[in-house]
Amino acid sequence: MEVLRTKTAIEKLQLRIEEVMEVVEKSKERREALLKKIEEVKAEIERHREMVEECRGKAKKAEERLNLVKKAEEYRALLKEKAKQEDCAIKLGESLKKLEEELRALEREKEDRKPLKELAELEEELSDMRYSQSRLRGRLEELERELESLRSEVGGDFLQEYERLKRKHGLPIALPIDAFGACGSCGTKLPSALYSRLVSGEVVVCPSCGRLVYYEEAV
Ligand SMILES: [Zn+2]
């Protein structure tokens, strides 16, 4: 019974460990994606600033050349170029502002301590569960050794009978009788002949449910 209980506890822990590991993994992935996005937006901001500078530079160059040209046609072309570059700088400046806003929002998200705290708690839970699991595994090995030695101690026909009954009924297969002399599994009152054998220390088969019953002195 204890081997069964220990195995079940190990399996339950394993399920929870896997569950928590998945949550931790996802949380780490989200964090990485956020940091990556911040880097991307920063690079995009840098690119926009350079482009704004470039448009401004071109507009300035066109303005300077206005004083140097003689033909009206060229002058008009330069004016047009200047307006075009100024317009470009304004439009890029607007996208730049949006990007800077986006960056601020992302930085706020990055500074939020709550998800980090949750992650730390989950990792602590994981390490606790892994520790419990390794202790249970140690206990299971111990129990299995004990079980093996009990099996060789009991041996022979009785062990075979025990295993047969176990296959038939499942665990628990051996139970103490209750204070009223009834089977601990099915509750049937045992005949007095059986009862005296029980009291003398024998393990008998309950005539009603077929499980093993024994007498346990009240503690
Ligand atoms: Zn019974």
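The values are calculated or read from the model by the stated rules, or taken from the named source; none is laboratory data. Note that the coordinates shown come from a computational prediction; the quantities given were computed from them, not determined experimentally. Ideal geometry is used to build each Cβ from the backbone, glycine not excepted, and the neighbour counts take in all protein chains shown.
Here are the numbers for the structure shown:
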{"quantity": "Phe180 being assigned to a helix (DSSP H, G or I), more than 12 Å from the ligand (Cβ to nearest atom), over 30 Å from Ile17 (Cα atoms) and not charged (D, E, K, R)", "calculated": "no"}
{"quantity": "Residue, farthest from the ligand (Cβ to nearest atom), within the stretch 142-177, restricted to residues that are of a type in the set (S, T, N, Q) and more than 19 Å from Leu4 (Cβ to Cβ)", "calculated": "Ser152"}
{"quantity": "Residue, farthest from the ligand (Cβ to nearest atom), within the stretch 188-197, restricted to residues that are assigned to a loop (DSSP other than H, G, I, E, B) and in contact with a Cys (Cβ under 9 Å, 6 or more places away or on another chain)", "calculated": "Leu190"}
{"quantity": "Residue match in the stretch 163-175 (condition: free of Cβ contacts under 8 Å to residues at least 40 places away in the same chain and touching a strand residue (DSSP E or B) at 6+ places or on another chain (Cβ under 8 Å))", "calculated": "yes"}
{"quantity": "Within the stretch 129-160, tally of residues that are closer than 18 Å to Glu18 by Cα and touching a residue at least 24 places away in the same chain (Cβ under 8 Å)", "calculated": "6"}
{"quantity": "The one condition in (1) more than 15 Å from the ligand (Cβ to nearest atom); (2) on the phi > 0 side of the Ramachandran plot; (3) surrounded by 12 or more Cβ atoms within 10 Å (Cβ to Cβ) that Gly210 fails to fulfil", "calculated": "(1)"}
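Residue-by-condition table, conditions (1) within 30 Å of Ala9 (Cα to Cα); (2) of a type in the set (S, T, N, Q); (3) surrounded by 12 or more Cβ atoms within 10 Å (Cβ to Cβ); (4) not assigned by TED's automatic domain parsing to the domain that holds Val20:
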{"site": "Gly57", "(1), (2), (3), (4)": "no, no, yes, no"}
{"site": "Ala77", "(1), (2), (3), (4)": "no, no, yes, no"}
{"site": "Glu111", "(1), (2), (3), (4)": "no, no, no, no"}
{"site": "Lys117", "(1), (2), (3), (4)": "yes, no, no, no"}
